[in-house]
Amino acid sequence: MTVATDDSGRIVVSSRATAMKTLNLTRRPWAWMCAFEDRFFGKWFQAEGPVEIVSLPEAMDGLVDYYRSVSGEHPDWDEYRKAMREEQRVLLKMTVERVGPTKSG
């Protein structure tokens, strides 16, 4: 999973509306995430907090921002937007309320 942050400091992930993580978050909008800095057995931290699910069409500008933050400019934004609609993409936005523990190796 590729993770970004938005202007408000929330953790942002692109997912499909039909994915189990999205369906689970619909029932209980709270998540825990474990992130690794460089490699799987390197430094890591856990974050947790409430999650907002933003669906299309409202999610489209955020999906474009998400793509730009992790991959730069897309060669064909119309194609990207079409793919987001076809894949029923949503944005998952976690407000981090707790972080820890941080561990090394």
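Since every read-out is calculated from the coordinates, none of them should be taken as a lab result. Quick caveat: nothing in here was measured; it's all calculated off a predicted structure. When we count neighbours, we look across all protein chains shown, and the Cβ atoms used for this are built from the backbone with ideal geometry, even at glycine.
List of remarks:
- FRET E, pair residue 85, residue 43, Förster distance 25 Å, beta-carbon r, rounded to 0.05: 0.10
- Gained length - residue 65 relative to residue 97, 0.36 nm times residue gap less alpha-carbon distance: 9.2 nm
- Nonlocal amide H pairs with residue 31, under 5 Å, H built at 1.01 Å: 49, 51
- Taking other C-beta atoms within 10 angstrom as a stand-in for reagent exposure, 67, 80 fall in the order 80, 67, fewest first.
- For the stretch 4-99: relative contact order, % (alpha-carbon pairs under 8 angstrom, 6 or more apart): 43
- Set of the stretch 60-99 residues, backbone N closer than 14 Å to the point 7 Å along the Cα-Cβ line of residue 16: 83-90
- Against the set (i) 93; (ii) 82; (iii) 106, the structure's computed volume of the Cα convex hull per residue in Å³ falls on (iii).
- Fewest-first ordering of 44, 32 by other beta carbons within 10 Å of each residue's beta carbon gives 32, 44.
- Helical mean residue ellipticity (222 nm; -39500 (n - 2.57) per DSSP H run of 4+; nearest 500) of the chain: -8500 deg cm²/dmol
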